[in-house]
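> The structure that follows is given in the form of structure tokens.
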Amino acid sequence: MVIITDTPIDPTTAYGLLSKGTSGSIVLHYAVVKQDAGNSAPTACIDYRFDAGAIEELEAISAELRQQWQLEDVLLIRREGCLGVGEIISLVAASSPNSEDAFSACRHGIARLKKMSTVHKREQFAE
């Protein structure tokens, strides 16, 4: 399942969306807005916007993960809007009968989300 939302990502809800009947391992990774990205001023928020085709790009990433690893389910969520420090930007989750596949798929999914061509971010700094 893939989701783009403008509402906060709830960890409990996300866990409930995953199929886990035959899973012995579920890995969830949340990316969050950090306060200091190495610039002269602290981050106030990061504004995330998506082009047409973002859902299709997320679906392609999900399919890629399913092809490479033995997974019961994949959940990819991206958040849209101006997100403040500590807010969840995205979720990559994988359920699998074994932990190796769940961790590997999640790690690869994180890397793929960072390279999405249909997402644009603009960091805003505190004054």
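> Just the accessible area per residue of the chain, please: how many Å² with a 1.4 Å probe?
Accessible area per residue, the chain: 53 Å².
> Tabulate in residue order the Karplus-calculated ³J(HN,Hα) for region 70-78, using 6.51 cos²θ - 1.76 cosθ + 1.60 with θ = phi - 60°, rounded to whole Hz; enter x for Gly and Pro.
7, 10, 7, 7, 9, 10, 10, 10, 10
> I'd like the carbon and sulfur percentage of the solvent accessible area for the chain, probe radius 1.4 Å, heavy atoms only, ligands and nucleic acids excluded. Don't skip to the answer; put the middle values down first.
Values: 3380 of 6730 Å².
The computed percentage sits at 50.
> Right, another one. Sorted by accessible area (1.4 Å probe), largest first, how do Y30, Y48, Y15 line up? Can you show the working numbers first?
Values: Y30 60, Y48 10, Y15 105 Å².
So, going from the largest accessible area down, we get Y15, Y30, Y48.
> Given a Förster distance of 25 Å, report the FRET efficiency between E56 and S99 from their Cβ-Cβ distance, rounded to the nearest 0.05. Write out the running numbers ahead of the final one.
Values: r = 30 Å, r/R0 = 1.20.
For E56 and S99, the calculated efficiency is 0.25.
> Can I ask one more? With charges set only on the Cβ (+1 for Lys and Arg, -1 for Asp and Glu), what does the dipole of the chain come to about its Cα centre, in debye to the nearest 20?
Working: 12 positive and 17 negative charges, 43 e Å.
My answer is approximately 200 debye.
> Helix 54-68 versus the longest principal axis of the chain: what is the Cα-based angle in degrees, 0 to 90, to the nearest 10?
Roughly 40 degrees between the two axes.
The values are calculated or read from the model by the stated rules, or taken from the named source; none is laboratory data. These numbers were taken from a predicted model, which means no experiment stands behind them. Backbone-built Cβ (ideal geometry, glycine too); neighbour counts: all protein chains shown. The accessibility values were calculated without ligands, DNA or RNA, using every heavy atom of the protein model including side chains. Shrake-Rupley method; radii C 1.70, N 1.55, O 1.52, S 1.80 Å.
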